[in-house]
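The values are calculated or read from the model by the stated rules, or taken from the named source; none is laboratory data. None of the values given here were measured: they were computed from a predicted structure. Neighbour counts are summed over all protein chains in view; Cβ atoms, including those assigned to glycine, are modelled from backbone coordinates with ideal geometry. Note: areas computed on protein heavy atoms with side chains; ligands, DNA, RNA excluded. Shrake-Rupley method; radii C 1.70, N 1.55, O 1.52, S 1.80 Å.
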Amino acid sequence: GSRAHFNSNSVGDYHSALATLENLMAMLGQATMISTCLGVYGAHVITIPLLLSISVSELRRQRSIADDNSVAKPTGWEYWGVRFFTVYLLADAVRGADGMFDNAADGTVRSVWGLGRMDVKFAAWWFRDAVMFCGLALLVKCKLRWAEAVLSQAPSTRKIFALNCCAGLAVAGLALGFYLLLETNRQMWQIVSVLAIVPVNAACALILSWIIWCLLPEIRLRAAQGQDHLQLEAARVCKVCCLVLCCNIIILTVMPFLCIQKVLNQPLSSPMAPNMGIDSWIGPARLPSILDLPQESPDLVPAPTLELVEVSVAYFFFMTWWPPQDFRIQSSKNE
């Protein structure tokens, strides 16, 4: 009974917060929120070439020092992370070229210019997220293997196998959800895409928690015996693990509430693309522009949340392989 009471209170608090947010956006007005969305879109467009230039510079730097044994080498994740991130950015450039904005009223999605085809957007979106989750799994494996090698522990094959399965489930689940969205134009399939990424984030959170609170304390004890290079490496690993763990926790706490919102507040048969009918293939379709909202739907207020998430994820990914220069020490061969 107490658990049911707690759950009902939690859902009630969530609805109150959601209603407050909707009221705030309504108070700001449609014109203000359209300008906000355009500002976030502009930040996203600027972010992609900026981060891409840094990635290309790092690729060139790594190539230039590949045969120089006197220079500190990147770790295993820094080597692969910049490559995964570069591919991620290229796919994100295709997905985000036209932007995408939903709204809290009916959940329909609009773009900035109304130019990009839906099938191209979703293909780039799926490929980008597939690269990100495969890279995430590799990052966790690199950090786990490094910690186990330092402590002379046997590799955690079961943990790695479970992580690989969850990453594969995320890639397959996103592909299925995106395809069904294109096939039916029903918002209900957004829930499939969201739930598909929950297991991989849960697996990463558990393994990273194990590294942070079980393995790293033992490594620090060894580093305290005069091994300064190990202490610096452990600090960097802890920083990256904590960063990714925070991202995992945010996803695990926010995504279920977004699904609850879809189920309780919006008809699951509602279309995602407002200019196309239900149960019709929307691949060639182009989303209507938010610039036309004042004439099309004067009371509909767009939300910049989706693009804000995309920009934030890009910077999270970036910071996993781009540590401060002071931490660029000779890497362990076991990472």
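So here's what we get for this one:
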{"quantity": "Residue under evaluation L59, criteria (1) of a type outside the set (G, A, S); (2) in contact with a Leu (Cβ under 7 Å, 6 or more places away or on another chain); (3) assigned to a helix (DSSP H, G or I); (4) surrounded by fewer than 21 Cβ atoms within 10 Å (Cβ to Cβ), criterion not met", "calculated": "(2)"}
{"quantity": "Subset of the stretch 133-157 [more than 25 Å from L221 (Cβ to Cβ) and out of contact with any helix residue (DSSP H, G or I) (no Cβ under 8 Å at 6 or more places or on another chain)]", "calculated": "T157"}
{"quantity": "Any hit, the stretch 166-178, residues being touching a residue at least 40 places away in the same chain (Cβ under 8 Å) and not in a helix (DSSP H, G or I)", "calculated": "no"}
{"quantity": "Members of the stretch 180-199 found to be touching a residue at least 24 places away in the same chain (Cβ under 8 Å) and under 15 Å from P284 (Cα atoms), listed by number", "calculated": "L181, L182, E183, T184, N185"}
{"quantity": "Residues of the stretch 179-220 classified as among the basic types (K, R) and assigned to a helix (DSSP H, G or I), total", "calculated": "1"}
{"quantity": "Number of positions in the stretch 113-147 that are open to solvent by 30 Å² or more (accessible area, probe 1.4 Å), of a type outside the set (K, R), closer than 26 Å to W80 by Cβ and without any contact (Cβ under 8 Å) to a residue 60 or more places away in the chain", "calculated": "5"}
{"quantity": "Top-ranked residue of the stretch 185-207 - restricted to ones that are open to solvent by less than 20 Å² (accessible area, probe 1.4 Å) and over 16 Å from the mean Cα position of the chain (by Cα), ranked as modelled with the lowest pLDDT", "calculated": "Q187"}
{"quantity": "Residue list for the stretch 76-112, restricted to those being of a type in the set (D, E, K, R), closer than 13 Å to W125 by Cβ and surrounded by fewer than 21 Cβ atoms within 10 Å (Cβ to Cβ)", "calculated": "D98"}
{"quantity": "Residues being crowded, with 16+ Cβ neighbours inside 10 Å and without any contact (Cβ under 8 Å) to a residue 60 or more places away in the chain - total across the stretch 211-230", "calculated": "2"}
{"quantity": "Selection within the stretch 296-310 - in a helix (DSSP H, G or I) and open to solvent by less than 20 Å² (accessible area, probe 1.4 Å)", "calculated": "E307, E310"}
{"quantity": "Where a residue in the stretch 283-307 is closer than 22 Å to A43 by Cβ and its partner, wherever it lies, is of a type in the set (S, T, N, Q) and assigned to a loop (DSSP other than H, G, I, E, B), with Cβ under 8 Å and at least six apart", "calculated": "L287/N275"}
{"quantity": "Candidate set from the stretch 64-106 (those that are within 30 Å of L291 (Cα to Cα) and among the small types (G, A, S)); member that is farthest from the chain's Cα centre (by Cα)", "calculated": "A105"}
{"quantity": "Total residues in the stretch 148-165, condition assigned to a helix (DSSP H, G or I) and either surrounded by fewer than 22 Cβ atoms within 10 Å (Cβ to Cβ) or at pLDDT 95 or above (or both)", "calculated": "11"}
{"quantity": "Matching residues, the stretch 309-335, being modelled with pLDDT of 60 or more, over 11 Å from the mean Cα position of the chain (by Cα) and either hydroxyl-bearing (S, T, Y) or closer than 30 Å to D106 by Cβ (or both)", "calculated": "T320"}
